[in-house]
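Reviewing the structure listed below.
What follows is calculated from the coordinates using simple rules that are stated; it is not laboratory data. All values derive from a computational prediction rather than experimental measurement. Cβ coordinates were reconstructed from backbone atoms using ideal geometry, including for glycine residues, and neighbour counts include every protein chain displayed.
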Amino acid sequence: MNAYRDQYAQLFKNGRKIVLIAISADPDTALASWARDAEYPFVFASDTGTAVGKKYGAIARFPGMTNRNLFVVGPDGKIAYRATPFREIDPTAYTELGAAINKLVPADTTGR
Amino acid sequence: MLTTLVLAALLQQPTAAPAPPPPPPGPPALEVGAVAPDFALPGATRYGTLKNPVRLSDYKGKTVVLAFFFKARTSG
């Protein structure tokens with residue numbers, strides 16, 4: 001999560017026309033307190049029971065937990081890119097994700 | 001001579017292929033091009049828990065990155 005936070009401006013364009021939702025099986029209160037402590041600028045969703053993780057195919061080997069799978073959903077509502085799993089320590093994972101996002105969200109030329 | 005025979009026998013032993021990692025539990029990950037299933041989940045930000053659930057359909061027309069992860073307060 002720290003990498004998402006630290007690259008939020010560059011990778012996720014500070015949330016302009018793009019929404020990052022981080023999902024785990026933690027209760028919403030645990031996610032809120034972690035987000036506060038670590039100053040995460042994006043939204044978390046609490047998938048206790050991992051029903052949504054099952055729908056997307058993001059179930060971990062550890063019981064009751066979601067795996068580190070990442071999906072980019074385009075404006076048409078379809079999966080445009082996936083990283084299963086997202087290799088969070090591999091710099092190329094971020095390059096690939098950035099390229100996938102840039103295809104869907106054109107660069108902002110207005111500077112605002 | 002005996003050593004040669006033993007060696008020959010050993011060399012002819014089929015080497016066991018490394019076992020492939022077991023597939024992850026649960027259904028396979030959605031493919032590119034699939035319609036992303038809608039969901040409504042309790043949400044949270046650094047300012048606290050959200051009053052309304054987080055719904056994918058609320059962001060129609062936008063690009064949404066869904067980043068599943070293991071557990072809060074871990075590097076995963």
Exercise for review: Calculate, for residue B:47 and residue A:78, the FRET efficiency according to 1/(1 + (r/R0)^6) with r their C-beta to C-beta distance and R0 35 Å; round to the nearest 0.05.
Suggested key: 0.65
Review point. Once amide H atoms are placed 1.01 Å from N in the peptide plane, what residues at a sequence separation of 5 or more from residue A:81, or on another chain, have their amide H within under 5 Å of its amide H?
Key: A:72
Revision key, fill the gap. Amide H contacts under 5 Å for residue A:23, restricted to residues at least 5 apart in sequence or on another chain and with H modeled in the peptide plane, are A:45, B:67, B:68, B:69
**Study point:** Segment residue A:38-residue A:3, length gained on full extension (0.36 nm per residue, minus Cα span)
**Key:** 11.5 nm
**Study point:** chain A, helix-only ellipticity at 222 nm - DSSP H runs n ≥ 4, -39,500 (n - 2.57), divided by all residues, nearest 500
**Key:** -9500 deg cm²/dmol
Study note, to complete from the structure: Quick calc: nm separation of the 7 Å Cα→Cβ label points for residue B:57 and residue A:14 -> 3.2
Check your understanding: From the phi of every residue in the stretch B:54-70, what ³J(HN,Hα) in whole Hz does the Karplus formula 6.51 cos²θ - 1.76 cosθ + 1.60 yield, where θ is phi - 60° and glycine or proline is x?
Key -> 7, 10, 4, 5, 5, 10, 4, x, 10, 8, 10, 9, 9, 10, 6, 8, 5
Point to revise | Candidate lysines for bridging to residue A:17, where Cα separation is under 20 Å - those fewer than 8 sequence places away on the same chain excluded | key: A:78, A:103, B:60, B:62
Revision key, fill the gap. Expected integer from the mean partner chain Cβ neighbour count at 10 Å over A:64-71 is 6
Point to revise | Using θ = phi - 60° and Karplus 6.51 cos²θ - 1.76 cosθ + 1.60, couplings along the stretch A:14-25 (whole Hz; Gly, Pro as x) | key: 6, x, 7, 6, 8, 10, 9, 10, 9, 10, 8, 8
Practice item. Return the average number of partner chain Cβ atoms within 10 angstrom of each residue Cβ along peptide A:76-89. Key: 5
Exercise for review: Shielding by partners for B:49-61, please: the mean number of other protein chain Cβ atoms within 10 Å of each residue's Cβ.
Suggested key: 4
Study note, to complete from the structure: The long-range amide H neighbours of residue A:65, using H built 1.01 Å from N in the peptide plane and a cut-off of under 5 Å, are A:60
Practice item. Note down the relative contact order for chain A as a percent, whole number, built from C-alpha pairs under 8 angstrom at least six residues apart. Key: 20
Check your understanding: Which loop-located GluC sites (Glu not before Pro) does the stretch A:9-100 contain, where loop means any DSSP state but H, G, I, E or B and the Cβ has at most 12 other Cβ atoms within 10 Å?
Key -> A:39
Check your understanding: For the Cα atoms of chain A, what angle does the longest principal axis make with the long axis of helix A:91-104, in degrees from 0 to 90, nearest 10?
Key -> 60
Review point. Which whole-Hz couplings ³J(HN,Hα) result when phi for each residue of the stretch A:42-56 is put into the Karplus expression 6.51 cos²θ - 1.76 cosθ + 1.60, θ = phi - 60°, listed in order with x for Gly and Pro?
Key: 10, 8, 10, 10, 9, 9, 5, x, 6, 5, 6, x, 5, 4, 8
Check your understanding: For residue A:93 and residue A:29, what is the calculated FRET efficiency with R₀ set at 35 Å and r taken between the beta-carbons, to the nearest 0.05?
Key -> 0.70
Exercise for review: Order these peptides, A:74-84, B:49-59, by their mean beta-carbon neighbour count within 10 angstrom, highest first.
Suggested key: A:74-84, B:49-59
